[in-house]
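Working notes for the structure below.
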Amino acid sequence: MRKVLLSGMLSMLALSVTLAGCSQRQAGGDTSPAPAAATPAPTQAPKSTDTGSSGGGDRTKITVYLNTNDKPVQDVYKGIAGDYAKENPKIDVDLQFPGSEYENILKVKMAANDLPDIFDTHGWAIIRYGKYLADLRDQPWVSNMTDTIKNVVTDKDGKVHVLVLSEAKDGLTYNADLLKKYSIEPPKTFDELLAASEKLKTESKGEVTPFFFSGVDDWMIGQFFDYFATSLLISPQQNEGQNLLDNKFDWNKWSALPEKLLEMQKKGYINKDVLTAKYSDLPQQFAQGKVAFSLLGPSFADEVHKVKPDLQIGFMPVPSMVAGDAPNFSGGERNTMGVWKDGKHIEESKKVIAFFAKPENMAKIANASKLPPGLKGVESKHEFTEYYNKYASIRVFPYFDRVYLPNGMWDVMCKTGTALLAGSVTPKQYSDKMKQEVERLRNK
């Protein structure tokens, strides 16, 4: 009797774990994942009455997970998926935007080998997702991959892992009207950035907060460390790149980054509500002239222009931190589409991706995301084209965490950075935490 009861209890427990593993949460944010809100309903174009395979009168549902939280970009994806469904009435393209939980959901799905038909690799096409992706080298768009992205998503054996819809070329987005009003040139060094912040705060009598960060969408805090780690440790001629790769880096040198962020907070260069502010608050405050700089690409510009259509928005490289060095961009793959190699609808999925790869569709995505497309021959034109042209010769480094830190460290940077601004972690403790977690994850 006890064996029967125990068996029943274990069955119920297994069922509850299974159901919990299927839940999803969503929130607003940008580049790297942001925090969670409520469970989203899938975005479909159009809805399917069946989840099975094609054949006879059945319709095939292709599930697509995408890692973008900017509504204008999501709307473009939905429009393209809708156009595909019109041309292919037996195919349903089920778009889902899990938001802040994207990375965690994909990790669970990898562990269960139960991935979406198509998914965004958000910068980790080869390193993290490589063995789960089908080879796309035979696709018609492959020959048009840009020179800057081709090697990023192609391995040594020639396998092409994903279509790169948007290349990342990340720096600082700024309110150009504010900088003009206060006679400030886009800073080229970190010291100039701090001087500009002081000028904005003082001359506006506190009406302008130089920087906006969110402890709710803590990827915004993580961005500070990822961007400026490159400026401090990688881009200078004498750098720590090899020491980081060889696990010989002196983590006491990391303390300079949290020290600078704390200095910015203490001097009033960061929004006072940093721990409770949300990414979705940024466009409104930016449009109202309350915020001058943001450490992310300009994909939120359309939301700003809904509030103030004539606001001039600028874009600049990440300032240098070491004397004699020059500014840089952080880059690599941003928005992508790859095919799960064990999916039931591989060929149909490849056709969906090929449709997104059409020049006119790539142009729509580029114009919405304000980012360079990953394919040649795409005619895109938006307000930031002039900035990409202006800074065409600026060096682009891969994201710091993707090269020099083990998988799992992004979350450590975000969470510990938030704790730093909350006053519960010191710069030295932040550095110690980085060292401890790097060693743990490398030995995992």
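Tell me yes or no: at least one residue of region 265-281 is modelled with pLDDT under 95, buried (at least 22 other Cβ atoms within 10 Å of the Cβ) and assigned by TED's automatic domain parsing to the domain that holds Leu405. Among the residues of region 265-281, at least one is modelled with pLDDT under 95, buried (at least 22 other Cβ atoms within 10 Å of the Cβ) and assigned by TED's automatic domain parsing to the domain that holds Leu405, which makes the answer yes.
Kindly indicate the residue of region 252-304 that is among the polar types (S, T, N, Q) and over 19 Å from the mean Cα position of the chain (by Cα) and also farthest from Asp177 (Cα to Cα) among those meeting that condition. Let's see the steps before the verdict.
Initially, region 252-304 is screened for residues among the polar types (S, T, N, Q), giving 252, 255, 265, 271, 276, 280, 284-285, 288, 294, 299.
Now narrow it down to the ones that are over 19 Å from the mean Cα position of the chain (by Cα): 252, 255, 265, 271, 276, 284-285, 288.
Details: Asn252: 39, Ser255: 34, Gln265: 24, Asn271: 19, Thr276: 27, Gln284: 15, Gln285: 14, Gln288: 11 Å.
For region 252-304, the residue satisfying everything is Asn252.
Only one of the numbered conditions (1) more than 15 Å from Phe400 (Cβ to Cβ); (2) surrounded by 19 or more Cβ atoms within 10 Å (Cβ to Cβ) is not met by Gln238, and that is (2).
Among the residues of region 76-95, which ones are of a type outside the set (Val, Ile, Thr) and either outside the structural domain of Thr63 (by TED's automatic domain parsing) or over 16 Å from Pro116 (Cα atoms) (or both)?
Within region 76-95, Tyr77, Lys78, Gly79, Gly82, Asp83, Tyr84, Ala85, Lys86, Glu87, Asn88, Pro89, Lys90 qualify.
Is it true that some residue in region 248-256 is at pLDDT 95 or above and either under 18 Å from Leu193 (Cβ atoms) or crowded, with 22+ Cβ neighbours inside 10 Å (or both)? Within region 248-256 (the criterion being at pLDDT 95 or above and either under 18 Å from Leu193 (Cβ atoms) or crowded, with 22+ Cβ neighbours inside 10 Å (or both)), the answer is yes, since at least one residue qualifies. Only a single criterion out of (1) buried (at least 24 other Cβ atoms within 10 Å of the Cβ); (2) closer than 29 Å to Phe400 by Cβ; (3) modelled with pLDDT of 95 or more is not satisfied by Ser349, namely (2). Please determine, by comparing only the residues of region 130-156 that are at pLDDT 95 or above and assigned to a loop (DSSP other than H, G, I, E, B), which one is surrounded by the fewest Cβ atoms within 10 Å (Cβ to Cβ). Looking at residues that are at pLDDT 95 or above and assigned to a loop (DSSP other than H, G, I, E, B), I get Asp138.
With respect to the conditions (1) touching a strand residue (DSSP E or B) at 6+ places or on another chain (Cβ under 9 Å); (2) at pLDDT 95 or above, Arg334 falls short on a single one, namely (2).
Answer yes or no as to whether Leu421 is under 30 Å from Glu240 (Cβ atoms) and buried (at least 17 other Cβ atoms within 10 Å of the Cβ). So Leu421 passes the test.
A quick yes/no check of all residues on (1) in contact with a Lys or Arg (Cβ under 8 Å, 6 or more places away or on another chain); (2) over 23 Å from Leu261 (Cβ atoms); (3) acidic (Asp, Glu):
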residue	(1), (2), (3)
Ser280	no, no, no
Phe293	no, no, no
Lys308	no, yes, no
Val339	yes, yes, no
Gly343	no, yes, no
Pro359	no, yes, no
Ile365	no, yes, no
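Within region 80-120, the set of residues being closer than 17 Å to Ile62 by Cα and assigned to a loop (DSSP other than H, G, I, E, B) comprises Asn88, Pro89, Lys90, Phe97, Pro98, Asn113, Asp114, Leu115, Pro116, Asp117, Asp120. For the criterion of being surrounded by 20 or more Cβ atoms within 10 Å (Cβ to Cβ) and in contact with a Pro (Cβ under 9 Å, 6 or more places away or on another chain), Ile365 passes.
The values are calculated or read from the model by the stated rules, or taken from the named source; none is laboratory data. Quick caveat: nothing in here was measured; it's all calculated off a predicted structure. In this analysis, Cβ positions are derived from the backbone assuming ideal geometry, glycine residues included, and neighbour counts consider all displayed protein chains.
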